[in-house]
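Shown next, in structure tokens, is the structure this report addresses.
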Amino acid sequence: MSHFEDLEGTKTEKERQKALPCPLSSRAVIDCQPLKVAPDTPLLEVITLMSQGSRGGSRDTSTPQHSAPAPGQPQTQRSSYILVVSGQQLVGIVTERDVVKLTAQGTNLTGFLVADVMTQQLITLQESCLQHPLTVLGVFRQHRIRHLPILNEHGQLVGVVTPNSIRRTLQSTDLFRLRRVDEVMATQVIDAPPETTVLSLAQLMATHRVSCVVITQKRDSTSTSSPSPVGIVTERDIVQFQALGLNLSTLQAQAVMSTPLRCLSSQDSLWKAHQTMEQMRVRRLVVTNDHGALAGILTQTNILAALDPAEMQKTIAVLQQQVEQLQDERMQWLQTRAAYLESQVQVTEQRYTNLAKVAPVGIFQTDADGNFLYVNDRWCQLAGLTLEAARGTGWIQGLHPEDREHVAATWYRSAQTQAPFCLEYRFQSPTGKITWVFGRAVAETENTERVSGYIGTITDITELKQAETALQQLNQELEARVERRTAELEASKELAQVTLHSIGDAVITTNALGQVEYINPVAERLTGWEVTAARGQPLTTIFQIVDEITQEPVNNPVECILREGCVDCLTHHPLLISKDGGEYSIEDSAAPIRDRQGGMIGAVMVFRDVTQSRQLAHQLSWQARHDALTGLANRRQFEQDLTETLQVVQQGNQVHVLCYLDLDQFKVVNDTCGHTAGDELLRQISRLLRGQIRAMDTLARLGGDEFGILLKHCPLEQAEIITEKLRKAVQNFRFLWQDRTFSIGVSIGLVALDAESCTLAEVLSAADAACYAAKDRGRNRIHIYQIDDSELVRQRGERRWSVRIKQALEDDRFCLYRQLIAPMIPPQEAQPTHYEVLLRMVDRQGELILPDAFIPAAERYDLMPHIDRWVVQTVFAQLERSQQLPSSVCEMAPGTVYLINLSGASVGDAQFLDFLKELFVQYAVFPQTIGFEITETAAIANLDQATHFIHELKRLGCSFALDDFGSGMSSFGYLKALPVDYLKIDGKFVKDIMDDPATYAIVESIHHIGHVMGLKTIAESVENPSLQEHLGTIGVDYVQGYGIAQPCPLTLS
């Protein structure tokens, strides 16, 4: 152990140090309570003690836990060293740097005692040698140490002096303020990136013998400039990590570094650095340049170096030399300045004389009492007085009478108080000319600083005053205009605010940074933000929108406005999320707000709540695609899905199946129990069908009691299984309604959809045909469409005829013919002539089409009522016109009966009966000229309705013929119930009476029965005279056929 008895050098050096100020006693720099342990203390416990910073006395190694400070005792900061004491003898020291060296070497510290690693060759100092705190600095610098134990005269430990204890006790405020950080900082700084391990940092500290490593990071990946400091790791941190038992080989700097940093500028004073260290309780500070890059590091040692006596002496010498130089320069400058001023005085006096003569301002000079002594020519011009008149107090007489008293009082008051004179006033010449002047004067003093007089000037400000007057008038006018305009703007602003508060749309305005400036009440309600809370917030915080369908965030339109300056409208369906989580469907638009120069100063967004309308649109869209009664897809949606499926099957090897379903016996339920029961049946059947098919399949109600099913990715064989399951489910279903039970069935038509499938219309037509084929074959069965199926070919032909019939009705391409019904025996008295009205269709080429070609289709597709109405109305119209023509030119003469064929559908339609009655009122037609033919089959099928129909029209005077009699199974049984006038014997019997005795007997029986019941008989299909002769033998009343008369057009002439 070395003791330094005298470390102060020469006497001159001692004198210099004694000359330095020492505001505190030397003992104040001694840490009198250092940490102390015994030599046999485990090293890890020593590290823990250093990291905890406990103070006071020796470490009792027999105690397993170190005592915490007692309540009320201060908790000091961690220690950078620990002393090793044996008995009362100091035997060694362990510092943070020793721990860092061991850590850098990767040494496992477990099992080490403090005696194994402590520094035994100690540098110490006698307390008597510590005459000045700066004495220690020389020892620190000479031996490159930072801890100096202090011993008393008995060799016992007094305490330890460190750079920190010196810096904290010194109060060299002025010297610190004179020195800058860049004068003493270390520019060679050891730094490392954030990913560096703590072990590597310890190795860097040990290698470079530094107390810390600055953690730096490049500001961007391509930057070549100095990195920026982001943190720091010190020797003390290494000790702390060791105490905590951390794995330093994997622990990265960025996880444990001290951050954020409090950095200094290189131009900061050492006083600021000293204060910052005191406030933050640190021993070093990082220095950065103007760009934030690492410039150096300042430690306590650097600061104390500024207080080194040698350094301070050098500074004092330099300052003394600079003072002497400045004094010499000042004396030389004063001499030169005095000579220059002397010459300038002479020049100035001459110049003043010349200027007084030519100056554009009036100049005057007075004595100490303010009496005028001198005025120049310009003064005389402005005042309208001569020099003699102005002397003394005569100048006052030249003042404007209104200004005379005020100017004189102000002038003499300034003279008495020796205050500067400064005033605007008027002169009035004897001629009455008024001149405004601005007068000012200052006192002239002698060497004794006694006022010897005054010198002043007057300046002509007449034009300025006139301009001021005009300007005041202009300002008054401008103020009035501004007030009016302000009032208008206030009114406009108030109107705008009232408008924004009253309109139904939400409005938000922002500044150029996208921060909210205003929201109206509607926007407050929709966003959930009050205007006071929203103001200043980013719009993206207030106005949060997502896509209504995908729920993905949507770009805010104002951002686009502020970026591109264009009006923007959201074309998607935005959903506004309010502050309280509420959701609103909105429509919005945004536009830039520009100033008068066209610069963009913000943006405005207008949006409205369209939740209800969008929900209504969704509802309408759903209703447009679904059946309101059953909730199933409707025909439109079904045809759209079917069209898409047909497009897909054309592109790939896929098979789908189209099913067309028609309920059997539905009409029975609907007619028996009413439409309410029918609607409920359809709903129950819909649920039943839905439960029998797959989720991928499409089920739709096509209309009435017809349904469609699209079985996707389903072979025809599998489709047969599925539809058979459906058929059985419907067959087993029982519909209950008001204590009544109904059984129904379903007829199903199947069409396979593959690459050979054609258009939508064709596949629907094929499925419809297959369904009707199933009905024709007995109902409640399945029929698969085949291209060569004759029944389907017939049905397809009928469907085509149905289209042609509808088109012919629209184009009025029907015409009427008549065929004579001739009596077998010429009447002895006048009898009416009978004709049957026959129907023909005219095709687009003008060719006639006989009814056998299109009537079956018309009956199947419920078109007969339309045809019947057209025929009846046409006959009535022509009969009315014929009655207005002379009988000589009119073939439709009075006394003729026209028999019109009616279908069973029309006979069973109560509205058709009303239609006929209205025609008799509308047209002037005699009911006796009209007869109607109804078929035996139609009459029997609707017996009650047919009977009522016949009775009603016969009451008007019409006649009836029962057509095709004999074709039914029970003709005679129903004949008595039908009040007809004629029996038309079916032509298939009439044609065979010459060759078949049985047929002859049937015709004879029909004729005989008819006569017994008082009816006339008419034989149809009479083609030749022989047949007519046989019918005459039977006694038939009338005959009709091509052998009697060819059909001819029903015309007026």
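Considering each of Ile549, Ile601 in turn, give the residue that is out of contact with any strand residue (DSSP E or B) (no Cβ under 7 Å at 6 or more places or on another chain) and either part of a strand (DSSP E or B) or under 23 Å from Ala617 (Cα atoms) (or both).
Only one candidate passes the filter, namely Ile549.
Since Ile508 meets every condition but one in (1) in the same structural domain as Gly370 (by TED's automatic domain parsing); (2) in contact with a strand residue (DSSP E or B) (Cβ under 6 Å, 6 or more places away or on another chain); (3) hydrophobic (A, V, I, L, M, F, W, C), which condition does it not meet?
(1)
List the pairs whose first member sits in the stretch 274-288 and is in contact (Cβ under 8 Å) with a residue 60 or more places away in the chain, whose second member is in a loop (DSSP other than H, G, I, E, B) and surrounded by fewer than 22 Cβ atoms within 10 Å (Cβ to Cβ), and whose Cβ atoms are under 6 Å apart, counting only residues at least 6 apart or on separate chains?
Final answer for the pair search is Val286/Leu261; Val286/Cys263; Val287/Ser266; Thr288/Cys263.
Does Ala383 satisfy the condition of being in contact with a helix residue (DSSP H, G or I) (Cβ under 7 Å, 6 or more places away or on another chain), modelled with pLDDT under 85 and under 27 Å from Gln466 (Cβ atoms)?
No.
Of the residues Arg485, Arg440, only one is over 30 Å from Val610 (Cα atoms) and not assigned by TED's automatic domain parsing to the domain that holds Val375; which?
Arg485
Mind telling me which of the residues Phe666, Phe607, Phe638 ends up being in contact (Cβ under 8 Å) with a residue 24 or more places away in the chain, surrounded by 18 or more Cβ atoms within 10 Å (Cβ to Cβ) and under 30 Å from Ala591 (Cα atoms)?
Phe607
Among what's in the stretch 104-115 and is surrounded by 11 or more Cβ atoms within 10 Å (Cβ to Cβ) and over 60 Å from the mean Cα position of the chain (by Cα), pick the residue that is nearest to Leu49 (Cα to Cα).
Val114
What number of residues within the stretch 439-484 are basic (Lys, Arg) and surrounded by 12 or more Cβ atoms within 10 Å (Cβ to Cβ)?
Total satisfying the criteria: 2.
Check the stretch 356-364 and report whether any residue there is surrounded by 14 or more Cβ atoms within 10 Å (Cβ to Cβ), modelled with pLDDT under 75 and part of a helix (DSSP H, G or I).
Yes, there is a match, as at least one residue in the stretch 356-364 is surrounded by 14 or more Cβ atoms within 10 Å (Cβ to Cβ), modelled with pLDDT under 75 and part of a helix (DSSP H, G or I).
Could you say which residue among Thr469, Thr431 is closer than 25 Å to Gly362 by Cβ, assigned to a helix (DSSP H, G or I) and not hydrophobic (A, V, I, L, M, F, W, C)?
Thr469
Within the stretch 186-207, can you find the residues that are of a type in the set (Val, Ile, Thr) and over 18 Å from Val230 (Cα atoms)?
Result: Thr207, single match.
Being at pLDDT below 85, over 30 Å from His618 (Cα atoms) and either out of contact with any Pro (no Cβ under 8 Å at 6 or more places or on another chain) or aromatic (Phe, Trp, Tyr) (or both) is true for just one of Arg563, Arg535. Which residue is that?
Of Arg563, Arg535, the one residue that is at pLDDT below 85, over 30 Å from His618 (Cα atoms) and either out of contact with any Pro (no Cβ under 8 Å at 6 or more places or on another chain) or aromatic (Phe, Trp, Tyr) (or both) is Arg563.
Across the stretch 242-271, what is the number of residues that are surrounded by 14 or more Cβ atoms within 10 Å (Cβ to Cβ) and closer than 23 Å to Leu44 by Cα?
9
So how many residues does the stretch 920-946 have that are modelled with pLDDT of 90 or more and of a type outside the set (A, V, I, L, M, F, W, C)?
The total comes to 7.
Check every one of the strands (runs of 3 or more DSSP E) wholly within the stretch 635-731 and list those with 1 or more residues that are touching a helix residue (DSSP H, G or I) at 6+ places or on another chain (Cβ under 8 Å) and over 18 Å from Arg625 (Cα atoms).
656-664, 706-711
Scan Leu500, Leu526 and give me the residue that is of a type outside the set (S, T, N, Q), within 20 Å of the chain's Cα centre (by Cα) and in a helix (DSSP H, G or I).
Answer to the check: Leu526.
Filter the stretch 847-891 for residues that are of a type in the set (Asp, Glu) and farther than 20 Å from Ile934 by Cβ; which is modelled with the lowest pLDDT?
Residue satisfying both the conditions and the ranking: Glu891.
All but one of (1) surrounded by fewer than 19 Cβ atoms within 10 Å (Cβ to Cβ); (2) at pLDDT below 90; (3) out of contact with any helix residue (DSSP H, G or I) (no Cβ under 7 Å at 6 or more places or on another chain) hold for Arg734; state the number of the condition that does not hold.
All conditions are met except number (2).
Could you count how many residues in the stretch 610-634 are among the hydrophobic types (A, V, I, L, M, F, W, C) and either assigned to a loop (DSSP other than H, G, I, E, B) or touching a Gly at 6+ places or on another chain (Cβ under 9 Å) (or both)?
Residues meeting the conditions: 5.
The values are calculated or read from the model by the stated rules, or taken from the named source; none is laboratory data. A quick note: this is a predicted structure, and the numbers were derived from the prediction, not measured. Ideal geometry is used to build each Cβ from the backbone, glycine not excepted, and the neighbour counts take in all protein chains shown.
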